[in-house]
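The values are calculated or read from the model by the stated rules, or taken from the named source; none is laboratory data. Since the model is a prediction, treat every value here as computed from it, not as a measurement. Glycine gets a Cβ as well: all are built from the backbone with ideal geometry, and neighbour counts include every protein chain shown.
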Amino acid sequence: MFILLPVAAVLQSGFGNGLGNLQDALNSFGAQNAIKLTLMMAFLTAIINGVFGTLLAYIFVRVPFPGRDLLSTVVDLPFAVPTLVAGVMLVALYGPHSTVGGWLERHGIHIIFAPLGILLALLFVTLPLVVRSVQPVLIELDTAEEEAARVLGAGGLTTFRKVVFPALRPAITAGALLAFARSLGEFGAIVFVSGNIPNKTLTAPVLITQLLNPTTFGAVAGPGEAAAVSSLLFLFSFVLVLITERVSSHSLQRASEL
Amino acid sequence: MNAVSTSARANRRKARLWRALMLSVALLYVAVLLLAPLGGIIYYALKEGMGEVGHTFRQSDVRHAFYLTAIIMVVTVIVTTFFGIIVALVLARDRFVGKRLVSALVDLPLAVSPVIVGLMAVLLFGRGGWFEPFFAARGIQVIFALPSMILVTIFISIPFVIREVVPVLQELGMEEEQAAWTLGASRLQTFRRVTLPNIRWGLLYGIALSAARSIGEVGAVLIVSGSLQGQTETATLYILRAFDQYQEQQAYIVALTLASFSIVMLIGIETLKRRASREAG
């Protein structure tokens, strides 16, 4: 009840008057571009962290080295750091007035108030999601198969591609989908970094807060339009959660079979 | 024979090379993505010296913001721990139709934008909302006040305890609990003496995640609170305003304080957990 009722309220408010609100929002407030940008950034985040998250999980489980506990703690950092603070960190480091940011700016690399900054913020926030999704499955995975492959003369890359990766695929997919869903909704980490330039760096969650804030659009926009955009975003998230649930229960089954 | 051992040695060397390469790439990624920004904020927050830090904390609106954040955190942790344990027990122990769906619903707050959660609360409790007449008749202000801020934070922090405790319970099985029942322990006794000590670390970690999330929440709280300075302004909302008013220095200091608190808490629990598992193993 606590979870379902609010969902119904948003859907009712967003689509209570038919599709008018949605059309309004899509056409007049840059919602179309905001949603496109949000999906694009979330997609890139899922792919990049899918790769690096898997690499980190593999290292945690299979590559012993001094300082592994420390690295593991560092990877959990984004769980601890408030997302807004993650955004503040990026602005402090890469802002135009800082040493690093100024240097990059002079070399034509724009991070703050640019899509690259949004991407960095999302990568920061979602990295542990992938690592912690892949790691348990990798722990369960027997090393015998890998050793067999190696004894038979397969190189490290071949072993990974042919033996380890197929077993991990559901877990990696689940982690990447989780990162994707999380990226779709992220507000705190992005709000400072993006600069929120309409049609350029304004993402859907930030647009929703602007639609609700009477000082941005005045009386023309309001909860109705916000709810319409929210419903669309929510639909994406919900489908993603259902798929993730499917994939991850499948991955656990596979791990227990192996 | 000789040929085989040389090729085996070459293989081993290649494997070592691969590991070194993987390790360097991973360390570089973590350093650039996670550590550099952390270093950046520590540097810029403390650049002006401790005098500026003291000055920031003497401001009454900063103090009030931290006070509000602390209240929200404490209430959220109590509620999510209590209900989290109950839901986790049900999900791990009972079989019922629609369990998959419930489990997916529990994860929903992780996937739904906090901004949307805030909007949901406004639509339910705000002007013209479904529950507004009920609370208005009793003179209780929900939106633009503490109740809605706590409510959305709880909603967002629900999954953490549950997600940490369920796998531990499943791993545990029910033998010990059944033994306790057979020996005549009541349900509550069994929980306190058998279940709780077993799930201790998972539970603590879940609580820490829940606490970290509740002090860091901004999107949902921004929408329901109205962000009234010195009244409904939490620490994160203070950071938002400070940035808008070009008081970056204060924003950095408050941000670093929040981050330090969460980081110390999580690292502390992880260390305790590791020590406990080493003692046990």
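Please verify whether A:L138 is touching a residue at least 24 places away in the same chain (Cβ under 8 Å), part of a helix (DSSP H, G or I) and within 13 Å of another protein chain (Cβ to nearest Cβ), treating the condition exactly as stated. Quick ask: steps written out before the conclusion?
Details: touching a residue at least 24 places away in the same chain (Cβ under 8 Å): yes; part of a helix (DSSP H, G or I): yes; within 13 Å of another protein chain (Cβ to nearest Cβ): no.
In short, no.
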Scan region B:137-145 and give yes if some residue there is surrounded by 13 or more Cβ atoms within 10 Å (Cβ to Cβ) and within 11 Å of chain A (Cβ to nearest Cβ), otherwise no.
-> no
Limited to region B:60-89, what total is found for residues that are more than 22 Å from the chain's Cα centre (by Cα) and either modelled with pLDDT under 90 or hydrophobic (A, V, I, L, M, F, W, C) (or both)?
-> 1
Failed condition for A:I111, given (1) among the aliphatic types (A, V, I, L, M); (2) within 12 Å of chain B (Cβ to nearest Cβ); (3) within 16 Å of A:S194 (Cβ to Cβ); (4) in a helix (DSSP H, G or I) = (4)
Would you point out which residue out of B:I150, B:I162, B:I154, B:I158 is touching a residue at least 40 places away in the same chain (Cβ under 8 Å), within 14 Å of chain A (Cβ to nearest Cβ), more than 14 Å from the chain's Cα centre (by Cα) and closer than 30 Å to B:L119 by Cα?
-> B:I150
Are any residues in region B:97-147 at pLDDT 80 or above and among the basic types (K, R), and if so, which ones?
-> B:K99, B:R138
Kindly list, by first and then second residue, each pair from a residue in region A:173-188 that is within 9 Å of chain B (Cβ to nearest Cβ) to a residue that is outside any helix (DSSP H, G or I), limited to pairs with Cβ atoms under 7 Å and residues at least 6 apart or on different chains.
-> A:L184/B:S113; A:G185/B:V112; A:G185/B:S113; A:F187/B:S113; A:F187/B:V218; A:G188/A:P82; A:G188/B:V218
Filtering region B:16-63 down to residues that are over 30 Å from A:L157 (Cβ atoms), free of Cβ contacts under 8 Å to residues at least 24 places away in the same chain and of a type in the set (S, T, Y) yields B:Y43
Consider B:V122 carefully, then state whether it is touching a residue at least 60 places away in the same chain (Cβ under 8 Å), closer than 16 Å to B:G216 by Cβ and within 12 Å of another protein chain (Cβ to nearest Cβ).
-> no
Lone qualifier among B:T81, B:T6, B:T56, B:T69 - being buried (at least 16 other Cβ atoms within 10 Å of the Cβ) and more than 24 Å from B:L240 (Cβ to Cβ) = B:T81
Pairs, first farther than 23 Å from A:R161 by Cβ and within 7 Å of another protein chain (Cβ to nearest Cβ) in region A:58-76, second assigned to a helix (DSSP H, G or I) and of a type in the set (D, E), C-beta under 8 Å, six or more apart = A:T73/B:E270; A:D76/B:E270
Quick one: is B:V112 touching a helix residue (DSSP H, G or I) at 6+ places or on another chain (Cβ under 9 Å), within 12 Å of another protein chain (Cβ to nearest Cβ) and closer than 23 Å to B:I78 by Cα?
-> yes
Name the residues in region A:150-162 that are within 14 Å of chain B (Cβ to nearest Cβ) and assigned to a helix (DSSP H, G or I), would you?
-> A:R150, A:V151, A:G156, A:L157, A:T158, A:T159, A:F160, A:R161
Which residue out of B:G230, B:G219 is within 17 Å of A:F187 (Cβ to Cβ), outside the structural domain of B:G39 (by TED's automatic domain parsing) and either small (G, A, S) or at pLDDT 90 or above (or both)?
-> B:G219
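A quick yes/no check of all residues on (1) within 7 Å of another protein chain (Cβ to nearest Cβ); (2) free of Cβ contacts under 8 Å to residues at least 60 places away in the same chain; (3) surrounded by 17 or more Cβ atoms within 10 Å (Cβ to Cβ); (4) β-branched (V, I, T):
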residue	(1), (2), (3), (4)
B:E217	no, no, yes, no
B:T236	yes, no, yes, yes
B:A255	yes, no, yes, no
B:F261	no, yes, yes, no
B:V264	no, yes, no, yes
Got at least one residue in region A:83-98 being more than 9 Å from every other protein chain (Cβ to nearest Cβ), at pLDDT 90 or above and surrounded by fewer than 24 Cβ atoms within 10 Å (Cβ to Cβ)?
-> no
Scan region B:191-243 for residues that are acidic (D, E) and assigned to a helix (DSSP H, G or I) and report the count.
-> 0
Of those in region B:1-13 that are modelled with pLDDT under 70 and assigned to a helix (DSSP H, G or I), the residue farthest from the other protein chains (Cβ to nearest Cβ) is B:N2
